[in-house]
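Worksheet: one structure, shown below.
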Amino acid sequence: MKILVVDDETDVQPLFEQRFRREIRDKAVEFVFALSGEEAYTYVEQHPFEVVLILSDINMPGMSGLELLRLLRKKYGTPPPLIMMITAYNDQENYRQAMQFGANDFLTKPLDFNLLKEKLKTLAY
């Protein structure tokens with residue numbers, strides 16, 4: 001399963017690679033990382049239907065995660081990709097907008113990697 005992680009914080013990549021070390025080694029998951037909404041959108045356009053899941057931060061400079069979600073759902077109305085939004089702010093407005101724009105799930109930071117792994121199991125990687 002290919003997962004695109006979108007977050008403007010550079011420490012996210014080594015964190016995911018550490019937490020999913022076994023799954024990466026077993027080739028159960030493959031991660032691709034984008035540091036902005038624009039970079040993520042370009043990646044999806046250049047690799048259509050390759051990414052099964054997108055984990056996107058909401059608050060990023062430039063294109064926000066919500067804008068990325070809106071654009072992707074406009075182009076790819078039904079999954080794949082599944083899109084989970086991630087935010088440090090557990091506020092109702094971000095949740096409402098994410099669901100309105102077609103998010104499949106909503107997670108808060110700091111990420112509970114055990115919970116995320118359980119959610120990924122339901123996607124049958």
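Evaluation of I83 against the conditions (1) more than 19 Å from K119 (Cβ to Cβ); (2) in contact with a helix residue (DSSP H, G or I) (Cβ under 8 Å, 6 or more places away or on another chain) shows that the sole unmet condition is (1). Going through (1) within 15 Å of D8 (Cα to Cα); (2) of a type in the set (A, V, I, L, M, F, W, C); (3) in contact with a strand residue (DSSP E or B) (Cβ under 7 Å, 6 or more places away or on another chain) one by one, V51 falls short only on (1).
This table checks each residue for (1) surrounded by 14 or more Cβ atoms within 10 Å (Cβ to Cβ); (2) within 24 Å of Q18 (Cβ to Cβ).
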residue: Q46; (1), (2): no, no
residue: S56; (1), (2): yes, yes
residue: N59; (1), (2): yes, yes
residue: M85; (1), (2): yes, yes
residue: Q97; (1), (2): yes, no
residue: N104; (1), (2): yes, no
residue: D112; (1), (2): no, yes
residue: L116; (1), (2): yes, yes
residue: T122; (1), (2): no, yes
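Is it the case that Y89 is more than 19 Å from L123 (Cα to Cα), part of a loop (DSSP other than H, G, I, E, B) and not acidic (D, E)? So Y89 passes the test. Take the residues in region 1-20 that are of a type in the set (D, E, K, R) and surrounded by 10 or more Cβ atoms within 10 Å (Cβ to Cβ); name whichever of them is farthest from A88 (Cα to Cα). Among those residues, the one meeting the criterion is K2.
The set of residues in region 21-59 that are within 15 Å of the chain's Cα centre (by Cα), part of a loop (DSSP other than H, G, I, E, B) and either closer than 25 Å to N90 by Cα or not acidic (D, E) (or both) comprises V29, L35, S36, F49, V51, V52, I58, N59.
So is Q18 part of a helix (DSSP H, G or I), more than 14 Å from the chain's Cα centre (by Cα) and closer than 23 Å to L120 by Cβ or not? Considered against the rule, which asks whether it is part of a helix (DSSP H, G or I), more than 14 Å from the chain's Cα centre (by Cα) and closer than 23 Å to L120 by Cβ, Q18 comes out as yes.
Read-outs throughout are calculated quantities, based only on the coordinates presented, and are distinct from any laboratory measurement. These numbers come from a predicted model, not from an experiment. Neighbour counts run over all protein chains shown; Cβ positions are idealised from the backbone, glycine included.
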